[in-house]
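Below is one structure; the comments refer to it alone.
The values are calculated or read from the model by the stated rules, or taken from the named source; none is laboratory data. Keep in mind it's a predicted model, so treat the numbers as computed, not measured. Backbone-built Cβ (ideal geometry, glycine too); neighbour counts: all protein chains shown. These accessible areas exclude ligands, DNA and RNA; they are computed on the full protein's heavy atoms, side chains included. Shrake-Rupley method; radii C 1.70, N 1.55, O 1.52, S 1.80 Å.
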Amino acid sequence: MGRKWLWLLAVLVLAGSLAGCGGAGGAAQLGEGDLFSMEDEVCTRGEAMVFLLSRKAGYESAYGGEIWTVPVEGGTLADHMEGELEDFLLLVKCTALMAEQYEVSLSEEEEQKIAQAASAYMEAMPEETALGCGIDEACVQAAFRDYHLARRTAESLLDGEISEDAARVVVFQQIFWDTEGLPEEEAVLKKEEAGQAKARAEAGEDFSSLAGEYSETEETEQKVSRGMLDPSLEEAVFSLSSGQVSEVIETDGGLYVVKCVTNYDREATAENKEALEKKQQEETLAQCCGQFAQTVSVRRNETAWETVDYGADYGEAADFYGIYEQYLGGF
């Protein structure tokens, strides 16, 4: 799959298909080889094929050329991917159109890199494949520009950086007593036992051994970020210093005594921060796209879409996403 493909496709889960956005009144007229228009922006078959060929190559490299006949959701994988491609292209065009609204523009250097990327793509593309797919340098340049502008626009919508503390991942060990549904006197006895375990842990006894002796769950050590635990347990766990043992923690499900192994797992925190920022960006983009989509008009060329076929053999193709990273990945 394409390196930068997934960040856009993930938004579709949140935003849904944009195929129904707006009416057709204000959209540009379509030529024979045009798939759709959104306002005055037109997506040609050649531009669509640039994306299709890279995605198709990725699947076939992993699963073989017969993958497209696999049944999926009442059709074949080829049918499913053709619908996904349309959603993807609509989203790219929609986000690119939003660029002006959010004051996103490309520098002269970026425009030069787009032109260089398109030239490199055409040099790497077998002539027979290009002719069969209707791909020329103009539509390749449009693909690179739309994709890059959409990506830049999406990144501009990120509502600030996620803080280290919000993304922090901690590792702790736990001893658990199940008190749910117990009579009060039995719950009191377990609380006393928890107090004994806490005292022994603070006295320096091995926490893992204590967990083996007392705990009513086999899960001893956990690595967690915020939002993964019961609120009472989370508050206690995230307030501990490395090596510190908690008080007895009461939750609706039971009692806990925990020991903080590390209150800041640096590598896991960095990964979680990246995931949280991506999620925030996707949610923001989905909301903005949803609102913007209501204001634009789309025309669709049913006949042209019938010529887009994942199952067809188009021959070897250039790597759009690899070339994108080479020329534009640093922006």
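Restricting attention to the stretch 87-98, the residues that are in contact (Cβ under 8 Å) with a residue 60 or more places away in the chain, under 17 Å from T153 (Cβ atoms) and either open to solvent by 40 Å² or more (accessible area, probe 1.4 Å) or not hydroxyl-bearing (S, T, Y) (or both) add up to 7.
Looking at the stretch 303-321, can you tell me whether even one residue there is at pLDDT 90 or above, touching a helix residue (DSSP H, G or I) at 6+ places or on another chain (Cβ under 6 Å) and among the polar types (S, T, N, Q)? No, the stretch 303-321 contains no residue that is at pLDDT 90 or above, touching a helix residue (DSSP H, G or I) at 6+ places or on another chain (Cβ under 6 Å) and among the polar types (S, T, N, Q). Write out, first by first residue and then by second, each pair whose Cβ atoms fall under 9 Å of each other, whose residues are 6+ apart or on separate chains, and whose first residue, in the stretch 193-217, is more than 12 Å from Y256 (Cα to Cα) while the second is in a loop (DSSP other than H, G, I, E, B). If the second residue must be in a loop (DSSP other than H, G, I, E, B), the pairs left are F207/T220; S208/T220; G212/T220.
Could you tell me which residue of the stretch 225-255 is least open to solvent (accessible area, probe 1.4 Å), considering only residues that are touching a residue at least 40 places away in the same chain (Cβ under 8 Å) and touching an Asp or Glu at 6+ places or on another chain (Cβ under 8 Å)? My answer is G254.
Could you tell me which residue of the stretch 11-43 is least open to solvent (accessible area, probe 1.4 Å), considering only residues that are more than 26 Å from the chain's Cα centre (by Cα), closer than 14 Å to D146 by Cα and modelled with pLDDT of 90 or more? Checking each candidate, the answer is S37. Considering the stretch 308-331, and only residues there that are of a type in the set (D, E) and surrounded by 14 or more Cβ atoms within 10 Å (Cβ to Cβ), the residue that is nearest to V42 (Cα to Cα) turns out to be D309.
For the stretch 214-252, enumerate the residues that are part of a loop (DSSP other than H, G, I, E, B) and either in contact with a strand residue (DSSP E or B) (Cβ under 7 Å, 6 or more places away or on another chain) or of a type in the set (V, I, T) (or both).
Across the stretch 214-252, the qualifying residues are S215, E216, T217, T220, L240, S241, S242, G243, Q244, S246, V248, T251.
Conditions tested, residue by residue: (1) modelled with pLDDT of 85 or more; (2) part of a helix (DSSP H, G or I).
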{"site": "V258", "(1), (2)": "yes, no"}
{"site": "L276", "(1), (2)": "yes, yes"}
{"site": "Q281", "(1), (2)": "no, yes"}
{"site": "C288", "(1), (2)": "no, yes"}
{"site": "Q291", "(1), (2)": "no, yes"}
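Just one residue in the set A143, A167 is open to solvent by less than 10 Å² (accessible area, probe 1.4 Å) and more than 28 Å from N301 (Cα to Cα); that residue is A167.
Could you grab me the full set of residues in the stretch 316-330 that are outside any helix (DSSP H, G or I) and either touching an Asp or Glu at 6+ places or on another chain (Cβ under 6 Å) or charged (D, E, K, R) (or both)? Hits for the stretch 316-330 are E316, D319.
Condition check ((1) open to solvent by less than 20 Å² (accessible area, probe 1.4 Å); (2) in contact with a helix residue (DSSP H, G or I) (Cβ under 8 Å, 6 or more places away or on another chain); (3) more than 26 Å from C289 (Cβ to Cβ); (4) among the hydrophobic types (A, V, I, L, M, F, W, C)) across all residues:
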position	(1), (2), (3), (4)
R45	no, yes, no, no
A78	yes, yes, yes, yes
L85	yes, yes, no, yes
E100	no, no, no, no
S105	no, no, no, no
E108	no, no, yes, no
E123	no, no, yes, no
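Just the residues that are out of contact with any Phe, Trp or Tyr (no Cβ under 9 Å at 6 or more places or on another chain) and either without any contact (Cβ under 8 Å) to a residue 60 or more places away in the chain or part of a loop (DSSP other than H, G, I, E, B) (or both), please, taken from the stretch 66-79. Of everything in the stretch 66-79, those that are out of contact with any Phe, Trp or Tyr (no Cβ under 9 Å at 6 or more places or on another chain) and either without any contact (Cβ under 8 Å) to a residue 60 or more places away in the chain or part of a loop (DSSP other than H, G, I, E, B) (or both) turn out to be E66, P71, V72, E73, G74, G75.
Counting the residues of the stretch 150-186 that are modelled with pLDDT of 90 or more and of a type in the set (K, R) gives 2. Could you tell me which residue of the stretch 272-307 is surrounded by the fewest Cβ atoms within 10 Å (Cβ to Cβ), considering only residues that are touching a residue at least 24 places away in the same chain (Cβ under 8 Å) and acidic (D, E)? Restricting to residues being touching a residue at least 24 places away in the same chain (Cβ under 8 Å) and acidic (D, E), the top hit is E283.
Yes/no per residue for (1) modelled with pLDDT of 95 or more; (2) farther than 15 Å from D146 by Cα; (3) not in a helix (DSSP H, G or I):
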| site | (1), (2), (3) |
| --- | --- |
| G83 | no, yes, no |
| L90 | no, no, no |
| A96 | no, no, no |
| Q101 | no, yes, yes |
| L106 | yes, no, yes |
| E109 | yes, yes, no |
| A115 | yes, no, no |
| A118 | yes, no, no |
| Y121 | yes, yes, no |
